[in-house]
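I have placed the structure first, in the form of structure tokens, so that the comments after it can refer back to it.
Each value in this text was obtained by applying a stated rule to the coordinates, not by laboratory testing. As the structure is a prediction and not an experimental result, all values here were calculated from the model. With ideal geometry, Cβ positions are generated from the backbone for all residues, glycine too; neighbour counts draw on all protein chains shown.
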Amino acid sequence: MIIQAFLRWAETAGAADRAKAARALAKAYFRLRPDDPQKQAALHAMIHLLDDPSSAVRFALSESLAEEPSAPRAVVLALAEDQPDIACPVITFSPVLTDMDLVDIAGRGSSMTRGLIAARPELGRGVAAAIAEIGDTAEAVILLENDSADLSRYVLKRLAERHARSCEVRNLLLDREDLPAEARDVLVREISRALAGSLLVQATLSAPRIAYLTEEAATLATLRLVGNALSDEIPLLVQTMREDGRLTSAFLMHALCSGRIEFFAAAMTDLSGLDDRRVRSIMATGRKHAIRALYESCGLSREISEVFVEATMLWREKLREVQGSGEGIFDALIERYPRTVDTYTTINELLDIVESLQRQEYRDMARAYAEQTAYAA
């Protein structure tokens, strides 16, 4: 009877009074025992308020139910799909909403609704993946600023792929210690493209020079990324580079000569289709003809594969030395393959590119060392 009287009163009461009554109704609902007939009547009254023309009334109901684990699911779901300002409390805090509910709401909702979901505390991995897949840049920023969200490697990579052009997204991603190598690689390439498109750069350098410098910078950045990548990240990075056509013979040769053996072995495994242990065994102990067969199965020509075989044998020799680290492979390779008069041979081109990369990497290392020394002083 009390609930029926409330409904009759609500027909003539003002919006402010109805909002107060909505809060009182929600409190009464939670105080009533499950077997009390008035509890069901209170639920019907709340459902009735979902159609109240005043947003203040619906917001009061949303705010009252937001943090209650026993809030009626039907009412919470309806409020979550109301206009964003009303949906905000339940979307942000309601424990009644499951990850599947949030994914559905994100798919049907507006950009603002997805932003509310992205900001939800302790956001689940599946919901974060949905936001990463369909959200715009603003939602990506909110998601990355949500420190309690569970962001998987896949989510971080998709955010990098979809929003790398946003400086804010790039900075938020690069600040993360858990950013996977393949996502960093995406960001590095986007930064190179942004640099090439800079009006200052275009006004200063010719187009061929810009293309050369940005490509070299991107390659060197990728090499550093390869050197710092975790073991479980390398196969995915290799796969990404293969799909993009960036596993060139020059890049692979430089990886081998600079001691990035984990990456090189993973690349050979990916390109050849052989088992990882088999590839590593051939590289470490196989005869020359077995090594050559491995490299040619990866798509290297006979002429180039011979240079790779020689570099592999040099790597073995360096490792057998006392405190061997694999350094100096390229210098020894140059001695065994002196430049010919015909500067346009395949081997010469390969070694020229690798030498250029090596020189630039040495310069970068020297610059970093000088900066560290100056900072320490």
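Across the range 222-237, computed HN-Hα scalar couplings (Karplus, 6.51 cos²θ - 1.76 cosθ + 1.60, θ = phi - 60°) run 5, 4, 5, 4, 4, x, 9, 5, 6, 4, 6, 8, 4, x, 5, 5 Hz from first to last residue, x flagging Gly and Pro.
Local charge for Arg153 was computed over the other residues whose Cβ lies under 14 Å away, with Lys and Arg +1 and Asp and Glu -1, and equals -3. As a rough footprinting exposure proxy, the listed residues Cys257, Cys298 were ranked by other beta carbons within 10 Å of their own, and the order from fewest upward is Cys298, Cys257. Only one of (1) 102, 51, 43; (2) 89, 42, 38; (3) 160, 72, 44 was calculated from the structure for Cα extents along the principal axes in Å, and its label is (1). In this simple spin-label approximation, Arg242 and Ala293 carry label points 7 Å from Cα along the Cα→Cβ vector, and these lie 2.0 nm apart.
Placing unit charges on the Cβ atoms only, positive for Lys and Arg and negative for Asp and Glu, gives the chain a dipole magnitude near 240 debye about its Cα centre. Annotation for Asp35 and Ser356: the two label points, set 7 Å from Cα along the Cα-Cβ direction, are 8.5 nm apart. Listed by chain and number, the lysines whose C-alpha is less than 23 Å from the C-alpha of Lys288, apart from same-chain residues fewer than 8 away, are Lys318. Across the range 286-293, computed HN-Hα scalar couplings (Karplus, 6.51 cos²θ - 1.76 cosθ + 1.60, θ = phi - 60°) run x, 6, 4, 5, 5, 5, 4, 4 Hz from first to last residue, x flagging Gly and Pro.
With one equal scatterer per alpha carbon and no solvent term, the Debye-computed log10 I(q)/I(0) for the range 180-230 at 0.13, 0.19, 0.23, 0.30 1/Å reads -0.33, -0.61, -0.79, -1.08. Of the trypsin sites (Lys or Arg not before Pro) in the range 207-299, the ones in a loop by DSSP (not H, G, I, E or B) with at most 12 other beta carbons within 10 Å are Arg287.
Annotation: extensible slack from Arg224 through Arg363 equals 48.7 nm (criterion: 0.36 nm per residue apart, minus Cα-Cα distance).
Packing around the peptides 104-117, 166-179, taken as the average count of other Cβ atoms within 10 Å per residue, puts them in this order, highest first: 104-117, 166-179.
The eigenvalues of the Cα gyration tensor, multiplied by 5 and square-rooted, give the range 56-191 an equivalent ellipsoid with semi-axes of 31, 13, 11 Å from largest to smallest.
Net charge dipole, the range 133-263: roughly 640 debye, given to the nearest 20, about the Cα centre with Cβ charges of +1 for Lys and Arg and -1 for Asp and Glu. Applying the Karplus relation 6.51 cos²θ - 1.76 cosθ + 1.60 with θ = phi - 60° to the range 185-199 yields 3J(HN,Hα) values of 4, 4, 5, 4, 5, 5, 5, 4, 5, 5, 5, 5, x, 5, 4 Hz, where x marks Gly and Pro. Computing FRET efficiency as 1/(1 + (r/R0)^6) for Glu216 and Met112, where r is the C-beta to C-beta distance and R0 is 41 Å, gives about 0.40. As a length-normalised measure over Cα pairs under 8 Å and 6 or more apart, the relative contact order of the chain settles at 8 percent.
For a modelled paramagnetic label at Gln83, 7 Å from Cα along Cα-to-Cβ, the residues of the range 39-66 in reach, with backbone nitrogen under 14 Å, are 51-60.
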